[in-house]
Each structure stands twice: as C-alpha cells, then as structure tokens.
1. Could you order peptides 386-393, 88-95 by the average number of other Cβ atoms within 10 Å of their residues, highest first?
2. So which of K263/K330; K146/K248; K176/K203; K339/K387; K352/K384; K248/K358 end up more than 23 Å apart by C-alpha?
3. Report, to two decimal places, the Cα Rg of the chain normalised by 2.2 N^0.38 Å (N = number of residues).
4. State the cysteines of the chain left without a partner when partners are defined as other cysteines whose beta carbon lies under 4.7 Å away.
5. Given that compact globular proteins tend to follow 2.2 N^0.38 Å, what is the ratio of the alpha-carbon Rg of the stretch 105-320 to that value?
6. Using Cα-Cα distances under 8 Å and only pairs 6 or more residues apart, what relative contact order does the stretch 328-427 have, in percent?
7. Which value at 222 nm does the chain reach when only helices count, each DSSP H run of 4 or more adding -39,500 (n - 2.57), with the total divided by all residues and rounded to the nearest 500 deg cm²/dmol?
8. So what is the diffusion coefficient of the stretch 204-294 in µm² per second by Stokes-Einstein at 25 °C and 0.890 mPa s, using a Kirkwood Rh over Cα pairs?
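Each reported figure results from applying straightforward, stated rules to the coordinates on display, with no laboratory input. Quick caveat: nothing in here was measured; it's all calculated off a predicted structure. Note: ideal-geometry Cβ built from the backbone for every residue, glycine included; neighbour counts use all protein chains shown.
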Amino acid sequence: MNNRRSFFRKSAALGMGAFGIDSLFNQLHAAQFLEAEQSWNPASDSNEEYWSVIQDAYTASKSEIIILNNGGVSPSPIVVQEALDKYNKAAAQGPSYYMWRIMDKGREPLRQRLAKLAGTDAEEIAINRNATEALNTIIFGLPLQKGDEVIGTLQDYPNMVQAWKQRQMRDGVVYKQLSFDFPIENDEQIVKAYADAITPRTKIIHVTHIINWVGQIMPVKKIAQMAHAKGIEVVCDGAHTFGLLDYKIPDLECDYFGTSLHKFLSAPVGSGMMWIKKDKIEKIWPLLCNSEPKSGNIRKFETLGTRSFPIEQAIGEAINFQEGIGNKRKQDRIHYLKKYWAEKAAQIPGVKIHTSLKPEFSCAIAGVSIEGMKPEEVDARLIKDFKIHTVGINWENIHCVRVTPHVYTKLTDLDRLVDALGKIAKKA
Ligand SMILES: Cc1ncc(COP(=O)(O)O)c(C=O)c1O
C-alpha cells in the first residue's frame with residue numbers, strides 16, 4: 001500500500017505533474033500572473049507593466065542578441081525549461097523505468113489538455129514531434145489513387161510540397177500548385193483561385209494557415225466550405241498558428257490538421273500535434289506502422305519508436321503558461337508588436353513592408369526589404385552590426401527579411417530594429 005502511494009506520488013511529480021495544483025507553473029508564476037493581472041487595463045492598447053512580467057518569464061528576453069525569428073522556432077519560458085530539466089534528470093536515472101512506466105502515464109492527461117486548447121475531442125489528437133511529421137503522416141496516409149488531384153501552392157512549406165511531389169512520383173497523384181502574390185487583403189480572391197483549379201478529379205486541397213515566408217493568414221474556413229460543397233477534403237498546415245491565433249481547430253472546418261508546438265506555444269523543441277476528424281481516422285494509414293493500421297484509434301499514429309518523453313511531458317507547462325496569458329490576449333499583443341515596428345519602418349525611405357498590417361490578414365510575421373539590397377545582405381547586416389537575428393527569405397516570388405516577434409519581445413528591441421533598418425537603408 002505504501003509502495004503504491006509512493007508510486008502515485010512519483011507519477012504526479014513526474015508524468016502528470018504539469019496540470020496539478022503543485023505544477024511548476026503554479027510554483028513559479030501563479031502569484032506573479034495574478035498580480036500582473038491587477039495591472040491589466042482593458043482600455044490600454046499596450047499594457048507594458050503586464051507584458052514586462054511575461055518578458056521576465058523568458059530567458060530569451062535577456063539574450064545578447066535580439067531574437068526576431070520566432071517563426072522558425074521559439075524559445076521556451078523558464079517554467080518549460082525547468083520542467084524539461086526535471087523530467088530529463090528523472091529519466092536519466094533509468095529511462096526504461098521512469099520514461100516508460102511513469103512518464104508514459106502523463107500522455108493521456110496531456111492529450112486531454114491539448115484537446116481542450118484545440119477545442120477538439122481528445123480522441124482526435126495525436127502527439128508527435130513536429131508539423132512535418134504530422135502533415136507527412138496525413139499526406140502519405142491518405143488513400144489516394146493514380147490520377148486523383150491535389151491542389152496546393154508554391155508558397156506552402158517545402159517539407160509538405162516535397163511530400164506531395166513524392167506521392168506524385170510514386171503513386172501518380174496529380175499535384176497542382178497555385179501561386180499567390182502576397183499580401184492579399186481579399187479572402188474571396190484567394191478562395192476563387194483554389195475553386196478555379198478544381199476538376200472532377202480533385203480530392204484534396206492543402207492550405208497553409210499562415211504562410212511562413214511572409215505571414216499571410218489564409219482563409220481556411222472559407223476554402224474548406226467551398227471545397228466541402230464539392231466533396232473535396234482539406235488538409236491544414238497550422239504550424240504557424242497554433243498557440244498564436246485565437247481559434248479552435250473545428251472553427252477552420254478542415255478535415256486534417258498538423259502543427260508544431262515548439263513555435264508559438266513555446267513548448268520544447270521536438271514537440272508536435274496532429275488532429276484528424278474522428279470519422280476520417282480509420283482511413284488514414286499510419287506513416288510509422290502499428291499493429292492495427294486500419295483502426296479508428298488515434299493512438300495508432302503514436303508508434304514513433306523510442307523518443308523523448310521529457311520533451312512530451314514538458315508540453316504541459318507550456319499549456320499552463322499559454323492559458324495563464326490567454327489566446328486572444330497573446331494574438332492581440334503579438335499583432336501589436338508587429339504593427340509597432342512595421343508602421344515605423346514603412347516610413348523610412350527605401351524600406352518596403354511585404355505583409356498586410358491588418359489583423360484579419362496577418363499576426364506575428366512581417367516581411368521587410370530595403371531597396372537595392374538582397375534579403376540575405378540585410379539579414380547579415382542586422383546580425384553583424386546590430387545583433388538582431390532575423391531571416392532572409394528568397395522563396396519563389398517572395399524576397400524579404402522575415403521578422404517575427406513573440407510575447408517576450410520588448411518594445412525597445414523593436415525600436416532598435418527600426419533604428420537599424422534606418423541606418424542600413426541610408427547606406428544602401
Ligand atoms: C508553414 C510551416 N509548416 C510546417 C513547418 C515545419 O515545422 P517543423 O520543422 O517543426 O516540422 C514549418 C516550419 O517552419 C512551417 O513554417
């Protein structure tokens with residue numbers, strides 16, 4: 001009996017600890033967040049006192065380099081770093097016992113919490129390592145025949161474009177790619193482009209919820225409604241939106257969805273999630289085989305082999321942190337940060353912004369370019385002379401430097417970015 005009690009105590013401390021009253025989040029932040037909440041003024045458009053508490057919760061806010069490529073991968077707040085350390089230390093004592101016998105028990109509560117955050121049934125959520133794994137599982141798992149058509153775009157993420165091209169090579173699926181000139185502030189124009197490409201053989205539309213290169217928000221719901229009216233299913237790449245935009249997956253009305261959790265949710269690197277509408281799970285083949293590949297149990301997609309359970313379990317603290325802020329507040333803040341720097345930068349002679357600044361069409365990301373300079377040259381100058389980390393984009397018809405702030409980004413960091421762009425533009 002005593003052994004049993006101590007086993008459960010250990011389970012709570014290791015595998016299922018993230019959501020309990022004694023979670024690290026509660027130990028580190030509950031009181032602080034509560035206090036910060038008192039300073040929140042709904043009438044203010046910036047609430048800097050509140051956000052300074054969030055900034056302090058990340059070591060990245062104190063980095064010597066200003067990190068403005070959070071769209072690539074985001075740092076975790078301290079609470080997630082500590083959870084990961086705690087789980088890693090525990091696992092190191094004997095991974096086969098602590099990971100497989102104890103932490104493993106944390107997967108179902110985690111599934112429940114991810115489902116709550118995503119607004120879905122937990123039986124539709126598979127936990128994996130990243131958006132690439134989630135979306136490749138869907139792309140290779142769909143039972144498509146030779147001649148079936150798939151519509152995507154040249155501006156989708158390369159790992160998914162390559163997956164569809166491989167299906168084309170191996171199975172004779174016909175993969176068509178539209179091309180958009182972003183920014184576009186007209187949903188109907190986007191929906192029409194997909195609709196015009198549909199033929200009687202079209203089976204799938206692949207949509208990237210936020211185009212990673214330049215931050216355009218795609219009208220997934222409108223595309224899905226149009227597609228469903230013609231019996232076509234929709235795969236949504238939500239790598240850049242989960243944990244950033246305030247939505248629930250069913251709001252998108254898509255059929256399949258994949259995301260990384262190490263981007264805007266700030267979970268540890270190597271964490272991801274897949275969602276498949278309940279009645280479609282059965283027909284999707286797992287990418288990594290399971291003894292029941294035709295089952296309707298979402299867990300058939302989790303036969304990933306040996307992997308890091310500490311990473312998986314630390315997702316729990318990232319959810320606590322996310323919920324401590326709230327989805328809407330987070331989206332509004334990150335959009336505010338983007339607008340803050342981009343509006344100022346747009347005033348600099350020779351500087352061009354490549355992204356809509358309206359909240360319906362973009363959030364964290366904006367592209368910027370300087371006349372007469374290549375994106376990689378601007379990127380290199382920013383890091384070399386100003387210690388500002390961004391990323392130069394040259395992809396299809398998109399050429400700009402991508403800037404992505406996160407909740408921990410300070411206004412003073414963005415002032416430094418604007419100042420740097422001004423100095424670089426002057427010399428260009
Ligand atoms: C739109 C989009 N989809 C998918 C991915 C792949 O994410 P991961 O490398 O975490 O699998 C990315 C990564 O940047 C992305 O921007």
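1. 386-393, 88-95
2. As for pairs spanning more than 23 Å Cα to Cα, those are K146/K248.
3. For the chain, the normalised Cα radius of gyration comes out at 1.01.
4. C289, C363, C400
5. 0.97
6. Values: 148 pairs, mean separation 30.5, N = 100.
The normalised contact order for the stretch 328-427 reaches 30 percent.
7. -12500 deg cm²/dmol
8. 174
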